[in-house]
């Protein structure tokens, strides 16, 4: 629930946002994508990204849809706002397996984020990754609070299961 005076800012796929406004709430909805919420509680500044894939296959380049570039933008943006890397704390979300028939990119996204944060020396205070449900995240960037809401529904299927055949009527014979 949004309190009076608070502003909800949506972070969509391939974006990141940074804020030092105590009335700002960053929000996103994740499936197989991942989001890292970073905060420096001393500087009271934080940010969130939302990336689709860990790396850009086969080419180097700057595209915020990819985790490597998105993480660099998020960290550098926080540093420009007065954060210090040694005070940053991360919270990691997403990485669900949304389509049973496809490769599990969610696992790759979450693993990438963990490895990246570890290599940068930024601790992960908490995480909610994996599973088969989408998540809606609300993040208060100045103090690091996060609320997670599981989005109801099942894993999407390419084709619904076939309905069960009705039992044969009394006296009928079914041939196979």
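Specify which of the listed residues (61, 82, 77) is modelled with pLDDT of 95 or more and not in a helix (DSSP H, G or I). Please lay out each step first, then the result.
Details: 61 fails: modelled with pLDDT of 95 or more; 77 fails: not in a helix (DSSP H, G or I).
It is 82.
With respect to residue 1, is the statement that it is within 22 Å of residue 148 (Cα to Cα), modelled with pLDDT under 95 and assigned to a helix (DSSP H, G or I) true?
No: the conditions fail for residue 1.
Going by the conditions given, is residue 44 surrounded by 13 or more Cβ atoms within 10 Å (Cβ to Cβ), at pLDDT 95 or above and either farther than 14 Å from residue 113 by Cβ or in contact with a helix residue (DSSP H, G or I) (Cβ under 9 Å, 6 or more places away or on another chain) (or both)?
yes
Within segment 107-119, is there a residue that is assigned to a loop (DSSP other than H, G, I, E, B) and either at pLDDT below 95 or farther than 24 Å from residue 24 by Cβ (or both)?
The answer is no, given that none of the residues of segment 107-119 is assigned to a loop (DSSP other than H, G, I, E, B) and either at pLDDT below 95 or farther than 24 Å from residue 24 by Cβ (or both).
Residues to consider are 81, 135; find the one that is closer than 17 Å to residue 13 by Cα, surrounded by 14 or more Cβ atoms within 10 Å (Cβ to Cβ), touching a residue at least 60 places away in the same chain (Cβ under 8 Å) and touching a strand residue (DSSP E or B) at 6+ places or on another chain (Cβ under 9 Å).
Criteria check complete, one pass: 135.
Consider segment 15-40. How many of its residues are within 28 Å of residue 97 (Cβ to Cβ), in a strand (DSSP E or B) and touching a helix residue (DSSP H, G or I) at 6+ places or on another chain (Cβ under 7 Å)?
Final tally of qualifying residues: 4.
Of the conditions (1) surrounded by 15 or more Cβ atoms within 10 Å (Cβ to Cβ); (2) over 14 Å from the mean Cα position of the chain (by Cα); (3) under 27 Å from residue 44 (Cβ atoms), residue 91 clears all except one; give me its number.
Going through the list (1) surrounded by 15 or more Cβ atoms within 10 Å (Cβ to Cβ); (2) over 14 Å from the mean Cα position of the chain (by Cα); (3) under 27 Å from residue 44 (Cβ atoms), residue 91 breaks only (2).
The values are calculated or read from the model by the stated rules, or taken from the named source; none is laboratory data. Please read these numbers as outputs of a predicted model, since none were measured by experiment. Every residue, glycine as well, gets a Cβ built from its backbone with ideal geometry; the counts of neighbours run over all protein chains shown.
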